[in-house]
Structure formats: structure tokens, C-alpha cells
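Enquirer: Can you keep this structure in mind? I'll have questions shortly.
The values are calculated or read from the model by the stated rules, or taken from the named source; none is laboratory data. Just so we're clear, the structure is a prediction, and the values are computed from it rather than from any experiment. As a convention, Cβ positions derive from the backbone with ideal geometry for all residues, glycine included, and neighbour counts pool all protein chains shown. Remember, those area values only see protein heavy atoms, side chains included, never the ligands or the DNA or RNA. Shrake-Rupley method; radii C 1.70, N 1.55, O 1.52, S 1.80 Å.
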Amino acid sequence: MEGVRQGGGPPAAGPGSGSGSASGSFPSLFPPGLHGIYGECRRLYPDQPNPLQVTAILKYWLGGPDPLDYVSMYRNLGNPALNVPEHWHYVSFGLSDLYGDNRVHEFTGTDGPSGFGFELTFRLKRETGESAPPTWPAELMQGLARYVFQSENTFCSGDHVSWHSPLDNSESRIQHMLLTEDPQMQPVQTPFGVVTFLQIVGVCTEELHAAQQWNGQGILELLRTVPVAGGPWLITDMRRGETIFEIDPHLQERVDKGIETDGSNLSGVSAKCAWDDLSRPPEDDEDSRSICIGTQPRRLSGKDTEQIRETLRRGLEINSKPVLPPINAQRQNGLNHDRAPSRKDSLESESSAAIIPHELIRTRQLESVHLKFNQESGALIPLCLRGRLLHGRHFTYKSITGDTAITFVSTGVEGAFATEEHPYAAHGPWLQILLTEEFVERMLEDLEDLNSPEEFKLPKEYSWPEKKLKVSILPDAVFDNPLH
């Protein structure tokens with residue numbers, strides 16, 4: 001449960017105000033992590049020392065459901081010279097380490113990230129006559145924060161979030177999000193580490209799909225060129241009724257060219273998916289590691305889970321060759337885009353010389369497999385093939401309803417346990433499928449109707465008998481039933 005209150009920031013006589021006594025007492029009254037973020041807000045809004053705040057009534061560290069202690073809401077006058085309109089600016093408090101006493105985040109030192117290393121911001125266009133900021137963005141930010149805390153996946157600039165609902169629960173076309181660096185807020189060094197500020201940008205479904213097919217950064221750059229769709233500061237207008245492609249049809253050409261040149265940097269998604277090993281009889285379950293009808297799925301080992309998390313988070317490019325992370329990759333945080341390594345995701349953490357634990361040495365080659373996806377996941381198969389495999393990369397589906405994972409790899413991917421000799425291979429419920437370029441081209445032709453999923457009825461089945469591969473597109477209800 002949340003409440004709205006005035007104030008909540010440091011008093012006007014805080015550091016830098018010229019009051020020695022107040023400045024001296026400030027750190028003892030306000031935790032240093034909180035102090036650091038407030039300081040950056042005060043730099044931007046010196047005339048708003050006590051903004052309206054949405055606050056978690058029962059703090060997360062006391063058992064409450066909302067990870068963000070506060071969301072501050074500021075009135076930003078924009079910049080007429082840059083065609084930036086007046087808007088509300090929201091800033092979160094709680095994804096970084098505010099207190100430094102391990103009540104929420106483990107203190108890891110001053111040189112690295114504070115907590116998860118970032119806070120969220122959001123810029124919402126101010127409507128004419130609006131005297132106070134709407135509070136729904138605060139709940140949106142709490143929802144994203146809950147995802148981060150529960151999954152331990154962090155966000156980075158260029159990431160996207162599929163929301164599938166108007167962000168403000170209206171009839172708006174703005175139903176998804178991209179993330180980027182806040183254009184005004186600068187990274188803050190606190191005693192508990194560094195905090196950066198990632199801004200939420202509301203987008204239409206068509207813009208989300210373009211980001212998936214190409215990359216988030218490319219779409220963000222296009223949004224910056226269209227004032228009504230975001231402009232240079234990427235301000236969200238929930239009343240925007242047209243996509244950037246409807247506003248300027250030439251922008252679609254730029255996306256198409258980018259996809260052809262760059263491919264997609266989406267290296268994995270959480271999805272409704274499953275797979276069956278058709279090369280073993282159903283009664284041979286003692287040694288089977290596939291997901292079979294009527295059986296309980298075997299759980300992924302911790303090492304496998306970490307590699308899948310890595311695969312979902314990014315596709316590493318080393319010496320121009322994409323590489324699947326090692327089986328015993330250390331725990332990493334993140335989402336599902338290729339991106340340059342940061343301090344938290346070093347390319348050198350136990351690389352190809354890794355010692356594989358005994359329980360993972362046993363890779364099982366399969367003769368024939370049956371892949372199952374719901375309609376939304378199936379619609380991404382052409383992206384996987386055209387935007388990833390034809391560019392020598394890999395793509396992973398990780399089930400949201402169990403431990404199942406399916407990774408498609410091209411012949412240029414190193415570190416995979418599927419090979420050209422044995423293109424279907426499994427570690428427990430994690431299946432890898434290696435597809436040659438020739439087969440990918442054929443599949444793209446056969447799967448062409450997946451580009452218009454609204455035009456076909458479920459279930460839908462595709463089969464390549466000579467490759468011993470079958471793909472089914474099934475209703476969501478099949479995956480909601482544990483006996484699928």
C-alpha cells in the first residue's frame with residue numbers, strides 16, 4: 001500500500017545551503033544513499049526541495065510488497081528552445097542501496113554499483129490545466145522494481161519491457177516500455193557505490209516489435225527525432241494516437257535497413273514453450289531428460305540456470321564470433337539483449353577453460369524433437385531465424401511456467417553443445433538446436449505466415465520430416481496446464 005505525501009526530501013538547509021550546523025547533522029538524519037540521490041534531484045530542481053512523493057507505507061525491508069521506498073515527482077518546465085514540453089519527472093528510491101546496512105541490499109563496496117546499480121525515472125507530458133502529477137507512474141515503477149527484485153535481472157539502456165496493457169490503464173496505445181539513460185540526471189557516487197538513472201519510455205506495440213526485430217537503441221534514436229513521440233528527452237505522451245511509422249513512413253525504411261545490416265540484438269525471451277524428445281519411447285523415462293506428457297519436468301541444475309540467464313541476457317561477441325557463456329558461468333544479473341560488457345558482466349569470468357562439473361558432462365543427443373510455442377512466442381521465430389541465426393548468433397526461449405529452455409544456435413556459435421553432427425542436444429530440460437543457414441532459409445519460407453499470426457487458427461503445425469523436426473503453435477491454455 002502506498003501513500004502520497006508532501007516533502008520527504010532533505011530540508012532546505014541541507015548540504016550546500018550555507019548552514020554549517022544543518023549540513024553537519026544531515027548525514028545522521030538521512031541515510032547516505034538516500035542523500036546522494038536527493039542531492040542530484042536538488043541539483044536539477046533547486047526550487048523544489050520538498051516534492052510530492054509516493055511512499056511505501058510498509059517498507060519492503062519490514063515485509064511490505066513494494067521494493068521502492070519512495071517515488072519523488074517533480075514539475076519540469078522543459079526546454080522550449082529544444083521543443084521539449086513541460087512534463088512531470090518521476091524518480092525512484094530503492095533499487096540502489098539507500099542505507100548501507102544490509103537491510104535490503106548487500107553492501108559490496110564503494111567502487112561498484114550501489115544495490116542493483118540504478119534507479120528508474122519517467123517523464124510524463126503534463127496535460128493542460130494539470131496542477132498535480134498523476135500517481136500511476138509510481139505503481140508502474142513499483143511493478144518494474146518487483147520484477148528486478150524477484151528475478152535479480154537488472155535493466156540496461158536499450159532494454160525493452162513487454163507490458164501488453166496501457167501503462168495508465170486507459171485506452172492508450174502506449175502499452176510497452178523501452179529504457180534509456182535519463183537525459184538530465186548524472187550518475188551519483190555514494191558511500192555504497194555508483195547509482196545511474198534509467199528512464200522509462202512508453203512506446204506503442206509496433207515500436208516494441210521494431211525494437212525486438214532490430215534493437216532498442218535504434219528505436220530510441222528514431223523516437224528522439226519525432227517531437228510528438230518523445231523528442232530529445234523522450235517524454236511519454238499517453239494521448240499519442242499514432243506510431244512513429246504512421247507519423248513518418250520513411251522511418252520504417254530505416255528500421256528495415258537496420259535489421260538487414262545489423263540483425264537483432266534480442267538474444268532471448270521468457271516465453272510459453274515446451275519440447276518433447278520424439279526419439280525415445282514414452283516409457284523410457286528413467287534416463288529421459290526431455291519434457292514428456294504426463295511426467296514431472298526435471299529441474300535444471302544451478303549451473304544450467306545460470307548459463308540460460310546469461311544467454312537470455314546477451315549474446316557475447318568475442319573475436320567476431322558469438323559465444324554461449326560457459327556452463328559454470330558465475331551468477332550474473334541482466335535481461336535479454338546483446339550489449340558491451342560492464343563491470344558486472346566481464347567477458348573474462350571463467351571463459352573457455354572452465355571445468356565442467358561431472359553432472360553436466362552428460363550431454364544427450366536427440367534424433368527427433370517436437371517444439372511447442374504459444375502464439376506470441378511463435379511469432380518471434382522469424383525474428384530468431386532472420387535476425388539472429390542468419391547473422392551467426394543464438395536465441396533462447398526460457399519457459400515462464402517451468403524449467404524448460406530452448407536455444408537455437410547457428411553454426412558460427414562457439415560453446416554450444418549441439419553440433420552439426422548432432423544438431424539436437426540436451427542438458428536436462430534445456431534443449432539446443434543447431435540450424436544450418438540453408439535450413440534456416442527454408443524454415444523462413446515455410447513459416448512465412450507467422451509474420452501475420454492473426455490470419456491463422458490454432459493449433460498450427462509445421463514439420464520437416466527429413467530433419468526430424470516438428471514445430472507446433474498452440475493456445476495459451478495448453479501451457480497453463482501442467483500436463484501439456
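Enquirer: Please go through the range 36-54 and give me each residue that is open to solvent by 20 Å² or more (accessible area, probe 1.4 Å), over 19 Å from PHE118 (Cβ atoms) and touching a residue at least 40 places away in the same chain (Cβ under 8 Å), ordered by number.
Expert: Within the range 36-54, PRO49, ASN50, LEU52 qualify.
Enquirer: Within the range 203-214, track down each residue that is surrounded by fewer than 24 Cβ atoms within 10 Å (Cβ to Cβ) and either outside the structural domain of THR110 (by the TED database) or under 15 Å from the mean Cα position of the chain (by Cα) (or both).
Expert: LEU208, HIS209, GLN212, GLN213 - these are the residues of the range 203-214 that are surrounded by fewer than 24 Cβ atoms within 10 Å (Cβ to Cβ) and either outside the structural domain of THR110 (by the TED database) or under 15 Å from the mean Cα position of the chain (by Cα) (or both).
Enquirer: State the number of residues belonging to the range 178-195 that are over 16 Å from TRP233 (Cβ atoms) and free of Cβ contacts under 8 Å to residues at least 60 places away in the same chain.
Expert: Number satisfying all stated conditions: 1.
Enquirer: Can you tell me which of (1) within 27 Å of GLY392 (Cβ to Cβ); (2) exposed (fewer than 12 other Cβ atoms within 10 Å of the Cβ) is the one HIS427 doesn't meet?
Expert: For HIS427, the exception is condition (2).
Enquirer: Taking the range 390-401 on its own, how many of its residues are surrounded by fewer than 20 Cβ atoms within 10 Å (Cβ to Cβ) and in a loop (DSSP other than H, G, I, E, B)?
Expert: Of the residues in that region, 3 qualify.
Enquirer: Now, a different point. For the range 45-67, name all the residues that are small (Gly, Ala, Ser) and under 12 Å from GLY3 (Cα atoms).
Expert: Matches in the range 45-67: ALA56 only.
Enquirer: Here's a follow-up. Among what's in the range 239-266 and is in a loop (DSSP other than H, G, I, E, B) and open to solvent by 20 Å² or more (accessible area, probe 1.4 Å), pick the residue that is modelled with the lowest pLDDT.
Expert: My answer is ASN265.
Enquirer: Only one of (1) within 19 Å of PHE197 (Cβ to Cβ); (2) at pLDDT 95 or above fails for ASP47. Which number is that?
Expert: (1)
Enquirer: How about the range 435-457: which of its residues are open to solvent by less than 70 Å² (accessible area, probe 1.4 Å), of a type outside the set (Asp, Glu) and in a helix (DSSP H, G or I)?
Expert: Of everything in the range 435-457, those that are open to solvent by less than 70 Å² (accessible area, probe 1.4 Å), of a type outside the set (Asp, Glu) and in a helix (DSSP H, G or I) turn out to be PHE439, VAL440, MET443, LEU444, LEU450, PRO453.
Enquirer: Could you list, in sequence order, all residues of the range 37-90 that are in contact with a strand residue (DSSP E or B) (Cβ under 7 Å, 6 or more places away or on another chain) and at positive phi?
Expert: Scanning the range 37-90 gives a single hit, GLY78.
Enquirer: Give, as residue ranges, the strands (runs of 3 or more DSSP E) completely inside the range 128-202 that count at least 1 residues that are surrounded by 22 or more Cβ atoms within 10 Å (Cβ to Cβ) and in contact with a Pro (Cβ under 8 Å, 6 or more places away or on another chain).
Expert: Here the list reads 188-190.
Enquirer: Among the numbered conditions (1) touching an Asp or Glu at 6+ places or on another chain (Cβ under 7 Å); (2) surrounded by fewer than 19 Cβ atoms within 10 Å (Cβ to Cβ); (3) touching a residue at least 40 places away in the same chain (Cβ under 8 Å), tell me where THR108 comes up short.
Expert: The single condition THR108 does not satisfy is (1).
Enquirer: Quickly run through the range 71-124 and pick out the residues that are among the aliphatic types (A, V, I, L, M) and not in a loop (DSSP other than H, G, I, E, B).
Expert: If the condition is that a residue be among the aliphatic types (A, V, I, L, M) and not in a loop (DSSP other than H, G, I, E, B), then VAL71, MET73, ALA81, LEU82, VAL84, VAL91, LEU120, LEU124 are the ones that fit.
Enquirer: Identify the single condition in (1) modelled with pLDDT under 95; (2) hydroxyl-bearing (Ser, Thr, Tyr); (3) more than 15 Å from TYR99 (Cβ to Cβ); (4) surrounded by 13 or more Cβ atoms within 10 Å (Cβ to Cβ) that TYR60 does not satisfy, given that it satisfies every other one.
Expert: Every listed condition holds for TYR60 apart from (3).
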